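Okay, structure first, notes after.
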């Protein structure tokens, strides 16, 4: 209760008359102390906690060493995280990454251009990782007619490609990632014909 009370009191802007602007009074201080970060459309206490948690976990994974023999779950998480960040460079990291792909029935990845059937590969990827790896899908009330529901599609949370990078392409690597994402999305949309 004390934590909740302190949180509410810390959000109040006592310089605003609540009879004139109740929202400014009740939330004004929180809004000024918590600006919306670039690339985000909104911010909430939950999102701030999630961002802090991700930052803390990243710091732990970046600074912790691991062993390649008799691994526990923590060692595997560290190896996988580091391999994803920089690409697997050591033989052990490559073998570990290959093991992850095999466990998800993706043992023939990565394929070279011209090899295999692209739609089969996309289908295999979706079957193993789920649609939400590329697009978020939800059924929500229609904003124009709340008695109906619509299929809503949104961008996923992509750590490798931020929202602004999709919109404002400045780097050649970003352009390549963006084009790859668009190509995958076109293939994905074929499933909704």
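So the values come out like this:
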read-out	value
Residue check for residue 92: farther than 27 Å from residue 180 by Cβ, surrounded by 12 or more Cβ atoms within 10 Å (Cβ to Cβ) and modelled with pLDDT under 70	yes
Set 34, 13: member being surrounded by 11 or more Cβ atoms within 10 Å (Cβ to Cβ), closer than 29 Å to residue 167 by Cβ and at pLDDT 75 or above	34
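The values are calculated or read from the model by the stated rules, or taken from the named source; none is laboratory data. Computed from a predicted structure; not experimentally measured. Because the Cβ atoms are built from the backbone with ideal geometry, glycine has one as well, and the counts that use them run over all protein chains shown.
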